[in-house]
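The values are calculated or read from the model by the stated rules, or taken from the named source; none is laboratory data. Note that this is a predicted model, so its numbers are computed, not measured. Ideal geometry is used to build each Cβ from the backbone, glycine not excepted, and the neighbour counts take in all protein chains shown. Keep in mind that these areas ignore ligands, DNA and RNA; they rest on the heavy atoms of the full protein, side chains included. Shrake-Rupley method; radii C 1.70, N 1.55, O 1.52, S 1.80 Å.
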Amino acid sequence: MKILGIETSCDETSAAVIKDMAILSNVISSQTIHNYFGGVVPELASRIHIKIISKVVSDALAQAQLTIFEIDGISVTHQPGLVGSLVVGTNFAKGLALRYNKPLVPIDHIEGHIFSGFLEKLNVYFPFLSLVVSGGHTALFLVHSFNSYEMLGSTRDDAAGEAFDKIGKLVGLGYPAGPIIDKLAKSGDPNKYSFPRGLIKSNDFDFSFSGLKTAVRYFIEKKYPNGLPESVLFDVCASVQEAIVDVLISKCENAIKTYGISTLVIAGGVSANSRLRYLAKERLGNFVDLIIPQMHYCMDNAAMIALIGELKLMETSNYERFLSYKFKANPTPKRARRN
Ligand code: KG4
Ligand code: ZN
């Protein structure tokens, strides 16, 4: 089955083509103009989607060496996201579906992230945990099958990426600050300042990052009201990053123990963070099969939307049969510790 996926929920315009779970193309055009404003400007985002979506879709088809006539179905992100941005993608997809008489499948963006481990490799075994960490979302899911999953917990305030970006703004960095903090942190001491780790000891899987943001604000106001000197900035970045990453990994660790799970997928823009990647492997790598997709499958992308689209157009049972035929059973699952 050949599916065209379209994603325009925020500031990435993306189109992808998937054939029998193999990715033939995944074109992503990121809108950098928002960096200038220190955050995504919804009105601008939708206007840029309008300008570029036709070209992005044509490029995705061209790279897949297919024409729209050869496509079996179109899937598109319909929620959640910026309304003006979603409208562009969904209407473009509707237009194509009507004009070329193709089935149209609306896809939940978060569902795309949850299953994005399958973009990295097909033998991801159920049940698995999926940590979705981006600028808009931070949530941990227990995934039983393609059509059954539960949210174990989510952020009560800021998302992890939002925390990186807002704290970056406080210390005078550009937008998005996540990658900048990641870079500066390499020259700092992660244990120099002990910033709060929200809800790390709570008996649930919820997250909270707003206390960290407030702590950094008070720290600056009290100690460095005229701005952070460079040497301090490095240590602050490293310590802030450590606090965020520590919470993310600790929550995954608890869920692995509680549910006896042997596979963990980490996806979303924040999964690009080098410290998160390193510490997740270091702390959890012996207990789980750790899958962190390549960057272009972690950030917002249409390949994940096309994948779920194919799944929904095929019978889910056929899909799971296809996978179990290909990979038989889980050969030697790593043993997860149980409480
Ligand atoms: O998934 P994404 O591309 O877009 C959505 O928010 O949906 O994620 C963007 C977020 C931003 O908050 C950005 O600061 C963060 O991911 N991010 C990072 C890194 N790269 C991107 N955060 C920490 N370290 C990084 N290397
Ligand atoms: Zn996203």
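Over 23 Å between Cα atoms, which of 2/121; 257/281; 183/281; 94/312; 281/312; 169/222 qualify? The pairs that break the limit, which is 23 Å between Cα atoms, are 281/312. Using Cβ point charges alone (K and R +1, D and E -1), the dipole size of segment 121-292 about the Cα centre works out to roughly 220 debye. Charge dipole of segment 60-164 (Cα centre as origin; +1 on each Lys and Arg Cβ, -1 on each Asp and Glu Cβ, all else neutral): 320 debye, rounded to the nearest 20.
Counting pairs of alpha carbon atoms under 8 Å apart in space and at least six apart in sequence, what relative contact order in percent does the chain give?
On the way: 715 pairs, mean separation 75.0, N = 339.
22 percent.
In summary, the aspartates and glutamates within cross-link reach of residue 166, defined as a Cα separation below 13 angstrom excluding same-chain residues under 8 places away, comprise 157, 158. The figure for residue 194 is an accessible area of roughly 110 square angstrom, using a 1.4 Å probe on the protein chains alone. Among 173-186, 147-160, sorting by the average number of other beta carbon atoms lying within 10 angstrom of each residue, highest first, gives 173-186, 147-160. Size descriptors for segment 1-80: radius of gyration and Dmax over Cα atoms are 13.5, 42 Å. Counting only protein chain heavy atoms and rolling a 1.4 Å probe, the accessible areas of 126, 209 rank, largest first, as 126, 209.
Summing Cβ point charges (Lys, Arg +1; Asp, Glu -1) relative to the Cα centre of segment 1-134 gives a dipole of roughly 320 debye.
Quick one: order 171, 216 from most to least accessible surface, probe 1.4 Å.
Details: 171 25, 216 0 Å².
Of 171, 216, the descending order of accessible area is 171, 216.
Within the chain, what whole-number % of the accessible surface is contributed by carbon and sulfur, with the 1.4 Å probe and all protein chains included in the calculation? Before the final figure, lay out each step's value.
Details: 7860 of 15060 Å².
Ligands and nucleic acids excluded, carbon and sulfur give 52 percent.
Would you mind telling me the antiparallel percentage of the DSSP bridges in segment 121-292, rounded to 5? Here the share of antiparallel DSSP bridges comes out near 60 percent. Dividing the summed -39500 (n - 2.57) terms of all DSSP H runs of n ≥ 4 by the residue count of the chain sets its mean residue ellipticity at 222 nm at -14500 deg cm²/dmol.
Largest first, the residues 257, 281 sort by 1.4 Å accessible area into 281, 257.
If both residues of a DSSP beta bridge must be in the chain, then about 60% of such bridges are antiparallel.
Ranked highest first by the average count of other Cβ atoms within 10 Å around their residues, in what order do 87-94, 220-227, 162-169 fall?
Numbers: 87-94: 20.2, 220-227: 10.4, 162-169: 23.9.
For the peptides 87-94, 220-227, 162-169, the packing ranking is 162-169, 87-94, 220-227.
Put simply, the amide H of residue 24, placed in the peptide plane, has neighbours under 5 Å in 17, 18, 19, leaving out anything fewer than 5 places away on its chain. Selection among 134, 271, 187 by position relative to the dipole of segment 121-292 gives 187 as farthest towards the positive end (Cβ unit charges, Cα centre).
For segment 121-292, with the dipole built from +1 on Lys and Arg beta-carbon atoms and -1 on Asp and Glu ones, taken about the Cα centre, which of 286, 232, 258 lies farthest toward the positive end? So the residue we want is 232. For the chain, the spherically averaged projection of the C-alpha convex hull amounts to 17.1 nm². Along its principal axes, segment 121-292 has C-alpha extents of 53, 27, 25 angstrom, given from the largest down.
Provide the per residue accessible area, probe 1.4 Å, for segment 121-292, rounded to a whole number of square angstrom.
Numbers: 7100 Å² over 172 residues.
On a per-residue basis, segment 121-292 sits at 41 Å².
The relative contact order of segment 121-292, computed from alpha carbon pairs under 8 Å that lie at least 6 residues apart in sequence, is 28 percent.
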